[in-house]
Amino acid sequence: MGRRLPPLPAIEAFLFAARSSSFRAAAQKLALSPSAFSRRLQTLETFAGVALFERSAPPTLTMAGRRYYQAIAGRLDEILAATETLRLIPDRQRLRLASPPSLAMNWLMPRFSNFTDQHPGLEVDIVICRDLNLLRLGKADVALASMLRDFTGLPTDPLAPLEAVAVAPRTLATGRPPPGSLNELPGHKLLGLEKPVDFWARWLDLAGYDGPKVEDPVRYETWGLMYEAAANGFGLTIAVSALANRYLRDGRLSPCFDISVEYNSGYRIVYASQKTRSDAGVRCLSAWLADEMLQSRDEFRALIKR
């Protein structure tokens with residue numbers, strides 16, 4: 001079967017000739033010599049089997065040339081525009097995502113290969129940051145942060161609210177079993193965080209605890225340290241969705257009783273600027289983060305019920 005389409009460079013030359021005051025001017029726009037430009041037009045006319053231009057000054061389209069121009073001009077403009085847009089898209093885009101250490105270690109890193117597999121054109125550097133200074137200094141594009149931070153001047157989007165349940169190993173290090181109800185909490189060692197200091201107090205309030213005063217928690221600097229201490233039987237702690245899923249999945253920690261609460265705070269996606277927020281690569285990353293957090297919450301619900 002013979003070739004059905006003329007060479008695209010010949011069609012391009014035809015389009016530029018039809019829109020220019022002379023063949024020489026059209027040739028200059030395409031960075032071609034007049035003779036090279038003329039050969040392209042001749043190629044198209046030979047392919048079509050008809051003359052497309054009256055050889056006059058300025059060049060004038062023949063009737064066949066006018067019909068052909070009207071039929072293809074808009075379509076070729078679309079091809080040229082689409083090609084130019086494609087050339088402006090970088091082969092790879094690099095973003096910097098800042099995350100608190102515990103969230104990075106316990107949630108983000110174990111699943112991030114899924115993102116890189118799905119989006120090979122996006123390279124994301126994950127940097128550890130306890131506050132939002134990297135965003136404000138222009139050293140990160142996106143950050144994950146708890147809702148306790150100061151977001152002044154920074155656009156944000158919420159992730160799924162955190163759900164929480166009191167957990168412990170099957171047997172504590174003392175050989176004592178964990179409590180089986182809220183009323184059995186007094187006398188048990190509680191493990192909490194340095195920040196927020198009201199970690200246990202908020203959970204007890206939301207859970208409806210109205211019993212005797214419980215011990216002040218032993219406080220740890222990070223969620224990871226707190227969960228490792230609890231998994232080794234040093235006391236009870238609070239498992240929150242996303243951060244504690246792997247401990248529940250592995251069976252190192254289990255719910256003490258069937259009471260789960262939802263914190264009215266959680267994590268947010270924070271952007272360096274509104275312009276950054278609207279970037280296509282950033283939108284892709286933030287959509288993935290939101291979806292993964294929802295999946296983690298659903299997994300957490302299933303784990304605490306098994």
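Anything in the stretch 204-225 that is within 15 Å of Ser181 (Cβ to Cβ) and open to solvent by less than 60 Å² (accessible area, probe 1.4 Å)? List them, or say none.
Start the filter on the stretch 204-225 by keeping residues that are within 15 Å of Ser181 (Cβ to Cβ), which leaves 204, 207-212, 214.
Within the stretch 204-225, Leu204, Ala207, Gly208, Tyr209, Gly211, Val214 qualify.
Which ones in the stretch 250-306 are of a type in the set (Val, Ile, Thr) and more than 18 Å from His119 (Cβ to Cβ)?
Within the stretch 250-306, Ile259, Val261, Val270, Ile304 qualify.
Taking Gly153 as the residue in question, decide whether it is out of contact with any helix residue (DSSP H, G or I) (no Cβ under 7 Å at 6 or more places or on another chain) and either surrounded by 13 or more Cβ atoms within 10 Å (Cβ to Cβ) or on the phi > 0 side of the Ramachandran plot (or both).
The answer is yes for Gly153.
A quick yes/no check of all residues on (1) surrounded by 14 or more Cβ atoms within 10 Å (Cβ to Cβ); (2) at pLDDT 90 or above; (3) in contact with a Leu (Cβ under 9 Å, 6 or more places away or on another chain):
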position: Arg3; (1), (2), (3): no, no, no
position: Ala27; (1), (2), (3): yes, no, no
position: Ala31; (1), (2), (3): no, no, no
position: Leu52; (1), (2), (3): yes, yes, yes
position: Thr62; (1), (2), (3): yes, yes, yes
position: Tyr68; (1), (2), (3): yes, yes, yes
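Starting from residues that are buried (at least 18 other Cβ atoms within 10 Å of the Cβ) and either closer than 17 Å to Ala242 by Cβ or aliphatic (A, V, I, L, M) (or both), keep the ones in the stretch 90-101 and report whichever is modelled with the lowest pLDDT.
Pro100
If you take the residues of the stretch 206-235 that are of a type in the set (Ser, Thr, Tyr) and in a loop (DSSP other than H, G, I, E, B), which of them is farthest from Phe112 (Cα to Cα)?
Only one residue tops the list, namely Tyr209.
Name the helices (runs of 4 or more DSSP H) wholly inside the stretch 236-306 in which the number of residues that are open to solvent by less than 30 Å² (accessible area, probe 1.4 Å) is 3 or more.
Working: elements: 245-250, 274-278, 280-305.
Passing ranges, in order: 245-250, 280-305.
Across the stretch 156-177, which residue is surrounded by the fewest Cβ atoms within 10 Å (Cβ to Cβ) among those that are among the hydrophobic types (A, V, I, L, M, F, W, C) and part of a loop (DSSP other than H, G, I, E, B)?
Filtering the stretch 156-177 for residues among the hydrophobic types (A, V, I, L, M, F, W, C) gives 159-160, 162, 164-168, 172-173.
Among the residues that remain, those that are also part of a loop (DSSP other than H, G, I, E, B) are: 172-173.
Numbers: Leu172: 19, Ala173: 12.
By that ranking, first place goes to Ala173.
The values are calculated or read from the model by the stated rules, or taken from the named source; none is laboratory data. Predicted model, so just to flag it, every value in this text is computed and none were measured. Glycine also receives a Cβ, built like all others from the backbone with ideal geometry; neighbour counts cover every protein chain displayed. Areas reflect the complete protein model, heavy atoms only, side chains present, ligands, DNA and RNA absent. Shrake-Rupley method; radii C 1.70, N 1.55, O 1.52, S 1.80 Å.
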